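Right, one structure below, let's go through it.
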Amino acid sequence: MGTRAARINTHPYWPDVGCSLSIFPSREFRAIATIPADIPVARPPRPPGFSIGEFQIHAGRVTLRKTGNSAVIDRRLLVELLVWWRFQLVIRAIGLWARLTRPRAPAIWFAPERPHSRYMVQAAAILGGMRTVEQPGDADVAFAFDDATVAAPASRRGLPGLNFGCTDIGKSRVAAVFEAAFGYPLAVDPRAWVGPVVEKSEANGTHDGRVVECPMSPRAGRVYQRMVDTVRDDGFAYDLRTHVIDHLPVIVWEKRRVAERRFLPPNVAARMLEPELVFSGEELAAIGRFTRAMGADWCGLDILRDRDGRIYVVDLNKTDAGPIIALSLRAQVMGTLRMARALRAMVTERALRCNVPPLASSAQAEHVETRFQARPGAWTSSA
């Protein structure tokens with residue numbers, strides 16, 4: 001009986017045909033299978049609608065296939081898309097100028113996935129003039145990127161790594177690490193608590209939070225958190241989206257929403273704030289302890305400040321998308337530029353650690369001029 005080689009996508013629908021399957025790492029997670037010639041190759045059912053890149057469009061909704069998150073295709077979504085494209089055109093033009101006029105930045109290899117431009121880490125890399133490469137041999141640093149709540153550990157291929165310790169961003173994990181870092185709890189036991197609490201999915205990015213009354217029996221796959229009162233005298237609820245790079249908050253976006261829709265987009269308004277003006281020194285230190293314990297070198301935190309003065313980290317986004325649509329174009333670009341500088345400083349420091357004596361801090365690394373040797377990606381200090 002003859003055999004034939006077939007290339008298939010790994011998929012949970014793949015049937016047991018009694019043949020061995022060898023998995024080879026690749027960006028698209030493909031497999032080579034040797035299958036007896038007389039056995040037909042089964043294919044998974046085609047999803048309804050049609051695909052555009054990583055999105056599936058069907059029945060008036062667009063769905064990100066990786067996470068299952070979806071949105072209705074309406075006027076608001078189309079306006080947001082136009083705002084995003086405007087932002088992309090501007091940062092790509094600035095990024096091209098940076099690549100042409102500044103020393104070449106280090107190269108980043110993302111694994112197991114390469115981020116789309118909608119993710120802020122890709123936008124910051126573009127704006128900072130950094131290169132993203134397909135092969136680890138061409139890179140100076142590796143960046144773990146997997147838009148999943150719980151991700152399988154990825155290999156750094158011997159490179160300095162970023163975010164490789166951040167494999168679980170489920171709400172239970174976030175709440176447990178928060179309590180250890182800050183010294184007071186976020187999670188509650190719904191069977192013992194009396195009064196309103198927030199019930200939400202364990203998974204990241206679902207935007208399905210709701211207020212429920214306790215005591216009650218917990219539902220499977222749901223977590224229960226303290227009801228943080230962020231509603232101010234103007235009647236709006238406020239959220240402090242805080243970007244943390246190398247365990248230091250670099251920028252805070254204060255987002256304002258209608259109180260009755262606090263768990264759902266869109267934002268009514270947003271503005272950029274300095275972390276030092278929003279958080280105390282003790283809070284900044286606790287945020288750094290939290291991100292270190294989570295293994296997140298790059299992340300966006302959703303932080304809420306209660307009326308009693310305490311802050312609560314309710315979510316960690318290691319694959320945060322953006323920019324925030326409610327911001328002006330100038331604020332979008334200036335905020336991303338600050339993130340790009342912090343990312344470049346962190347990546348430079350990690351790359352230099354493997355080639356020259358370690359630097360004292362990422363702030364020092366930001367001022368080090370660098371140049372490439374004959375091999376692309378190799379770094380040395382310049383005079």
If we keep only residues of region 299-330 that are among the hydrophobic types (A, V, I, L, M, F, W, C) and modelled with pLDDT under 95, then the residue surrounded by the fewest Cβ atoms within 10 Å (Cβ to Cβ) is L329
Counting only residues in region 210-245 that are within 26 Å of the chain's Cα centre (by Cα) and closer than 18 Å to P266 by Cα, the one surrounded by the fewest Cβ atoms within 10 Å (Cβ to Cβ) is identified as R210
The lone condition S328 fails out of (1) farther than 25 Å from F145 by Cβ; (2) in contact (Cβ under 8 Å) with a residue 40 or more places away in the chain is (2)
The lone condition A374 fails out of (1) at pLDDT 95 or above; (2) not in a helix (DSSP H, G or I) is (1)
Within region 132-162, of all residues that are crowded, with 19+ Cβ neighbours inside 10 Å and among the charged types (D, E, K, R), the one farthest from R350 (Cα to Cα) is D147
Quick count over region 290-325, residues being part of a helix (DSSP H, G or I) and not small (G, A, S), is 4
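Which one is surrounded by the fewest Cβ atoms within 10 Å (Cβ to Cβ) among residues in region 95-115 that are part of a loop (DSSP other than H, G, I, E, B) and at pLDDT 90 or above? Working first, answer last.
As a first pass, look at region 95-115 and keep what is part of a loop (DSSP other than H, G, I, E, B): 102-106, 113-115.
With at pLDDT 90 or above added as a condition, the list becomes 113-115.
Details: E113: 20, R114: 16, P115: 20.
Among residues in region 95-115 that are part of a loop (DSSP other than H, G, I, E, B) and at pLDDT 90 or above, the one surrounded by the fewest Cβ atoms within 10 Å (Cβ to Cβ) is R114.
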Within region 173-189, of all residues that are surrounded by 15 or more Cβ atoms within 10 Å (Cβ to Cβ) and among the aromatic types (F, W, Y), the one nearest to the chain's Cα centre (by Cα) is F178
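The values are calculated or read from the model by the stated rules, or taken from the named source; none is laboratory data. This one's a predicted model, so the numbers in the text were calculated from it and none came from an experiment. No Cβ is skipped: glycine too gets one built from the backbone with ideal geometry, and neighbour counts run over all protein chains shown.
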